[in-house]
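The values are calculated or read from the model by the stated rules, or taken from the named source; none is laboratory data. Bear in mind that the values here come from a model prediction, so they are computed numbers and not experimental data. Every residue, glycine among them, receives a Cβ derived from its backbone with ideal geometry; neighbour counts consider all protein chains shown.
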Amino acid sequence: MTPDAPERSPRVLIADDQTLIRTGFRLILNARGIEVVGEAADGAEAIAAAGELKPDVVLMDIRMPDVDGLEATRRILARDPGVRVLMLTTFDLDRYVYTALSIGASGFLLKDVTPEHLAAAVRLVGTGDALLAPQITRRLVERYAAEAGRPPERPPADLAALTPREREVLLLLGRGMSNTELATELTLSEATVKSHVARIFAKLGLRDRAQAVVLAYESGLVRPGAR
């Protein structure tokens, strides 16, 4: 791609057991120049369609009959880690959303999302970033991390690979800070913050900020209710 070439819009697969949801989202995205390459009415169809159509982004309903959105997400990401999955849910503090973020989903959308937000979200995750409202994600993880039964008494060995500054950045990521807020808090440039974040992701094998938030809680680096 040349420097002047326009950014390619992501190719999208919509998986939802409600026909009206699929149709509405398709019309919204198509009207904004985003190609919908396919639809699926359940998780099994989504797995098959993702393998055949190779979408960049999957809009995945969490609760579907037979194979649900969580299992479909696990199988899709196991086969192709480059796919980005956005979970569709009715409630922002849905325990299933927490599990989805843990297994690699790049964010979540409420089903009553505005057309503008839907298109912007798809484009954002299509670039490889994560979509999460920090305050909502923090509340979500705080509510369900302890119930998952996974937080160890001390951080896992992987965190030993981080420098003291990188651990500090991960801690603040876990508290829901954006790059701009991190730069202000640590008196660093945003470019330096982005470099720290990229190194953290590389060292810990994280896909995006969503997984960083979950890891920060599950490792015990951030404690529920801490500020």
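Things to note:
- Criterion violated by residue 14 - all others in (1) of a type in the set (A, V, I, L, M); (2) assigned to a loop (DSSP other than H, G, I, E, B); (3) surrounded by 20 or more Cβ atoms within 10 Å (Cβ to Cβ) satisfied: (2)
- Within the stretch 186-205, the set of residues being closer than 14 Å to residue 170 by Cβ and hydrophobic (A, V, I, L, M, F, W, C) comprises 186, 193, 197, 198, 200, 201, 202, 204.
- Considering the stretch 169-188, the residues that are assigned to a helix (DSSP H, G or I) and of a type in the set (Val, Ile, Thr) include one that is modelled with the lowest pLDDT, namely 180.
- Filtering the stretch 8-27 to residues that are more than 20 Å from residue 72 (Cβ to Cβ) and touching a residue at least 12 places away in the same chain (Cβ under 8 Å) leaves only 9.
- Residue 199 touching a residue at least 40 places away in the same chain (Cβ under 8 Å), assigned to a helix (DSSP H, G or I) and among the basic types (Lys, Arg): no
- Hits in the stretch 109-126 - residues which are touching a residue at least 40 places away in the same chain (Cβ under 8 Å), among the hydrophobic types (A, V, I, L, M, F, W, C) and farther than 12 Å from residue 34 by Cα: 109, 125
- If you go through the stretch 159-189 and keep only what is under 15 Å from residue 211 (Cα atoms) and acidic (Asp, Glu), you end up with nothing.
- Looking across the stretch 65-116, the residues that are among the polar types (S, T, N, Q) and out of contact with any strand residue (DSSP E or B) (no Cβ under 8 Å at 6 or more places or on another chain) come down to 99, 102, 114.
- Residue, surrounded by the fewest Cβ atoms within 10 Å (Cβ to Cβ), within the stretch 29-85, restricted to residues that are basic (Lys, Arg) and more than 17 Å from residue 124 (Cα to Cα): 79
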